[in-house]
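Chemist: Provided herewith is a single structure, encoded as structure tokens, for subsequent inquiry.
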Amino acid sequence: MDTWTADIWNNNEEECKRILNEPGNWEKVPLLFDDKIALGTFVRFKGMIQDILNAEYYRSNFKIINSENDEFTWRQEKYHSRTKNLKPGEEVVFGGRFLSRLIVACIPIPGLNEWAKDVTNTNQNAEAQLEENKNKRIRLDPASQKCSKEIFIFVYPEDINTNELKLNQIVEVVGFLDRRTIQEDNLIAKETQGIHAVQLKQLKNLIPYNEEMYKSIWNDAPNIHAELKFVLTQASLGDSLVAEYLLYYLVSTIYNRQNNFARGKFSLNIRGIPHGIGQSYTKHLYSLISYLVVKSEYLPIQIHTMNNMDMIPRKSYTSNRMETGFLQLSDRTHLVVDETDLQPGNFNSKGMLNLEALTNIISNQQMKYDIANFGIQCETQIPTLTLSIGISLLPCDIDIVLKPDPSFSDVDQTMKSLHDYLKSQLPLLDKLRKYIAIISTFPFTCNQVIVRAMIVAYHLEMVIVDQNIFSDGDFHNFLMISRLITLCSGKNEFDIAVFERAKSLENQRKLRNQ
């Protein structure tokens, strides 16, 4: 495969496909990392679809004519976007049928944590990974928000079903490296890398799983749940109730959408963070989260950042390309919003739009993209955790007050001890990561009649106790928590014990919040 060229593939397509799809061969294709790889090289790229551009037309073949001796050779233009290495006296004549290929703009996966990257998985030890996550750069200024590694993927409809491609999707492609000149908003042309894709995979899970591993996680779910709760209780400064809800936030996933409502969405607000620890604690907590989940982003909310950040993706008139906003993220990127350093002030018009975008993601799991001055709603799946001292300015599905144990007064020491524990338990850490990634995707069943009867009884009980109406939001939250309790315990069927556990957790949370 190292010597494959576009011409070799065109002339031996079936044999090349057979070799590529043999077990283990896909992973042997070199990953594209920098600009030093030679054009025409057979490479692999993994990234997020940032924009889907218009299709372009090309000729099925072209002829290279040597004007000195009138000799010529025919070549297929498929998997080529330009001719290169022409010798003196050679010229190109295009011919054949007009065909089309779709252009897809991809960027490296936003928020992908260091431990989950192919390169660093083998080159970094656990301590270095945790430290790098702790110091991960926060993209606050417009320059740092733009990815410098935009890649154009040329997709051929006869090879790949283009109808299945969508914004923010994670894909992995193999194909032949090329370059393409593009125009920026300042009308300056620049060259960027491109790949003529011969095959493309949609990646729902960035960590490879197999059936044996799935069974192992499921069978050991009660023990892994207990270990994860221990870790999160330490991270919650001894507060086991907050740790329970934090665990469910980490594993949650949207499992159904109906009438513009995302079932399974779980936005959590942990409030009551003591003034004295503020961002020192929230940064430590984010560092831990980024060490456990595949993708995450940290967003400290301040007036000046909200008023200046480009959070919303917009389509540029000049370049006809999508300009990535901070919130253009792939599914299950955990967003941690830190309000602990929010000072009094006023949002300008841009700040209000950013606030509205955050609110829309949290409430509806949708975001309005700015395309040609029209807002186009796109579905998202971005679990959001908000950390605040008082009541958050953002909505949430569930909020809970943090009650630190007095014995956890030294935040730095607590987090260091947790750091050391995870470093010493790498097999356990691997299980925790896989458990978080997949446990909520297992099948779940419940008897709707029994569940409704239980919840109606609980609703009447709540009305009698505090006269509050049991809203649709409360109903969704109760079902969501019940589902997560069931799956996290290695079960897939709702029962009375699960109902009682969910009721106990919710009663404790509401009593504490009062």
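Chemist: So which residues in segment 86-117 are more than 40 Å from the chain's Cα centre (by Cα) and at positive phi?
Modeler: GLY89, GLY96
Chemist: Anything in segment 380-400 that is assigned to a loop (DSSP other than H, G, I, E, B) and either under 16 Å from VAL293 (Cβ atoms) or not small (Gly, Ala, Ser) (or both)? List them, or say none.
Modeler: Result: THR380, GLN381, ILE382, PRO383, ILE389, ILE391, LEU393, LEU394, PRO395, CYS396, ASP397.
Chemist: Follow-up. How many residues does segment 401-418 contain that are assigned to a loop (DSSP other than H, G, I, E, B) and open to solvent by 70 Å² or more (accessible area, probe 1.4 Å)?
Modeler: 3
Chemist: Kindly check whether there is at least one residue in segment 126-148 that is under 30 Å from ILE301 (Cβ atoms), at pLDDT 80 or above and within 21 Å of the chain's Cα centre (by Cα).
Modeler: no
Chemist: Need pairs with beta-carbon distance below 6 Å; first residue in contact (Cβ under 8 Å) with a residue 60 or more places away in the chain and open to solvent by less than 20 Å² (accessible area, probe 1.4 Å) and within segment 368-392, second assigned to a strand (DSSP E or B) and of a type in the set (Lys, Arg); sequence gap 6+ or separate chains.
Modeler: From segment 368-392, the pairs are SER388/ARG271.
Chemist: Specify which of the listed residues (TYR248, TYR281, TYR286) is of a type in the set (Ser, Thr, Tyr) and either touching a Lys or Arg at 6+ places or on another chain (Cβ under 9 Å) or modelled with pLDDT under 90 (or both).
Modeler: TYR286
Chemist: For TYR421, state whether it is among the aromatic types (Phe, Trp, Tyr) and buried (at least 19 other Cβ atoms within 10 Å of the Cβ).
Modeler: No; evaluated as a whole, the condition is false for this residue.
Chemist: Looking at (1) in contact (Cβ under 8 Å) with a residue 40 or more places away in the chain; (2) buried (at least 22 other Cβ atoms within 10 Å of the Cβ); (3) closer than 25 Å to PHE261 by Cα; (4) of a type in the set (A, V, I, L, M), which is the only condition LEU353 fails?
Modeler: That leaves (2) as the condition not met.
Chemist: Taking the residues in segment 187-218 that are at pLDDT below 90 and part of a strand (DSSP E or B) as candidates, determine which candidate is farthest from GLU150 (Cα to Cα).
Modeler: ALA189
Chemist: Next up: Which condition breaks for LYS84 when tested against (1) open to solvent by 40 Å² or more (accessible area, probe 1.4 Å); (2) closer than 25 Å to GLN193 by Cβ; (3) modelled with pLDDT of 90 or more?
Modeler: Single failed check for LYS84: (3).
Chemist: Same structure, new question: Looking at segment 1-104, what strands (runs of 3 or more DSSP E) fall wholly within it and have at least 1 residues that are of a type in the set (Gly, Ala, Ser) and closer than 19 Å to TYR156 by Cβ?
Modeler: 42-52, 56-66
Chemist: Follow-up. I'm checking my understanding of the structure. Among residues of segment 34-67 that are open to solvent by 60 Å² or more (accessible area, probe 1.4 Å) and either within 26 Å of LYS166 (Cβ to Cβ) or β-branched (Val, Ile, Thr) (or both), which one is farthest from the chain's Cα centre (by Cα)?
Modeler: Ranking the candidates gives TYR57 first.
Chemist: Show me the helices (runs of 4 or more DSSP H) entirely contained within segment 220-332 in which 3 or more residues are in contact (Cβ under 8 Å) with a residue 60 or more places away in the chain and crowded, with 19+ Cβ neighbours inside 10 Å.
Modeler: Of the helices (runs of 4 or more DSSP H) lying wholly inside segment 220-332, those with at least 3 residues that are in contact (Cβ under 8 Å) with a residue 60 or more places away in the chain and crowded, with 19+ Cβ neighbours inside 10 Å span 221-235, 240-251, 278-292.
Chemist: Further question on the same structure: Only one of these conditions is not met by ILE439: (1) hydrophobic (A, V, I, L, M, F, W, C); (2) in a loop (DSSP other than H, G, I, E, B); (3) closer than 20 Å to LEU250 by Cβ. Which number is it?
Modeler: Unmet condition: (2).
Chemist: I'd like to know if segment 453-462 contains one or more residues that are surrounded by 12 or more Cβ atoms within 10 Å (Cβ to Cβ), modelled with pLDDT of 90 or more and touching a helix residue (DSSP H, G or I) at 6+ places or on another chain (Cβ under 6 Å).
Modeler: no
Chemist: ILE389: more than 30 Å from GLN514 (Cβ to Cβ) and among the β-branched types (Val, Ile, Thr), yes or no?
Modeler: So ILE389 fails the test.
Chemist: Given the options SER424, SER440, SER417, name the one that is within 24 Å of ASP331 (Cβ to Cβ) and not acidic (Asp, Glu).
Modeler: The unique qualifying residue is SER440.
Chemist: Let me ask something else about it. Return yes or no: is ASP397 within 21 Å of ASN256 (Cα to Cα), among the acidic types (Asp, Glu) and in contact with a helix residue (DSSP H, G or I) (Cβ under 8 Å, 6 or more places away or on another chain)?
Modeler: Here the answer is yes, as ASP397 does meet what is asked.
The values are calculated or read from the model by the stated rules, or taken from the named source; none is laboratory data. Bear in mind that the values here come from a model prediction, so they are computed numbers and not experimental data. Note that each Cβ is placed from the backbone with ideal geometry, even for glycine, and that neighbours are counted across all protein chains shown. In case anyone asks, the SASA skips ligands and DNA or RNA and just uses the protein heavy atoms, side chains included. Shrake-Rupley method; radii C 1.70, N 1.55, O 1.52, S 1.80 Å.
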